[in-house]
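This report concerns only the one structure given below.
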Amino acid sequence: WYIFFQRIFKDRRVIELGSGNGLVGVLLDKLFQPKEICITDLNSHMKHIEHNVDLNKCSERVSSVAYDWKAPLSELDVTLTQPFDVILALECVYREDLYLPLIQAIKQQSHRNTL
């Protein structure tokens, strides 16, 4: 399984949408060395994400960015203006009114070959 996932993540730009505490992004950094990992969630989660990134001594490839899927494009952090190669979203929709914003976020953050 390691070789399979290594092929997916190595040297790719990865974004995690709705990451909660940032665990998946931390593990990606430690196990698969992507080119870049952007861990995102609402601003209210940033303190916990940043604490976990620091606690686990993540590499400089890892960034944490507040990302409200409902916010206009003009308000996005510069990190989110270039498409990503891999998009991860794990258990991040817990209300029906978030379905469409999640789909729009995926479209905004992807390119033709995004996984």
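Pick from the range 23-74 the residues that are among the small types (Gly, Ala, Ser) and free of Cβ contacts under 8 Å to residues at least 24 places away in the same chain: which of them is least open to solvent (accessible area, probe 1.4 Å)?
Of everything passing the filter in the range 23-74, 71 is least open to solvent (accessible area, probe 1.4 Å).
Hey, residue 77 hits all of (1) open to solvent by less than 70 Å² (accessible area, probe 1.4 Å); (2) in contact (Cβ under 8 Å) with a residue 40 or more places away in the chain but one; which does it fall short on?
(2)
Look through the range 1-17, keep the residues that are of a type outside the set (D, E, K, R) and either at pLDDT below 95 or assigned to a helix (DSSP H, G or I) (or both), and return whichever of them is least open to solvent (accessible area, probe 1.4 Å).
It comes out as 9.
Scan the range 92-109 for residues that are in contact (Cβ under 8 Å) with a residue 60 or more places away in the chain and either in a helix (DSSP H, G or I) or over 17 Å from residue 71 (Cα atoms) (or both) and report the count.
Within the range 92-109, residues that are in contact (Cβ under 8 Å) with a residue 60 or more places away in the chain and either in a helix (DSSP H, G or I) or over 17 Å from residue 71 (Cα atoms) (or both) number 4.
The values are calculated or read from the model by the stated rules, or taken from the named source; none is laboratory data. Everything numeric here is computed off the predicted structure, so don't read it as measured data. Don't worry about glycine lacking a Cβ; one is built from the backbone with ideal geometry, like all the others, and counts go over all protein chains shown. Protein only, heavy atoms only, side chains kept; ligands, DNA and RNA dropped before computing areas. Shrake-Rupley method; radii C 1.70, N 1.55, O 1.52, S 1.80 Å.
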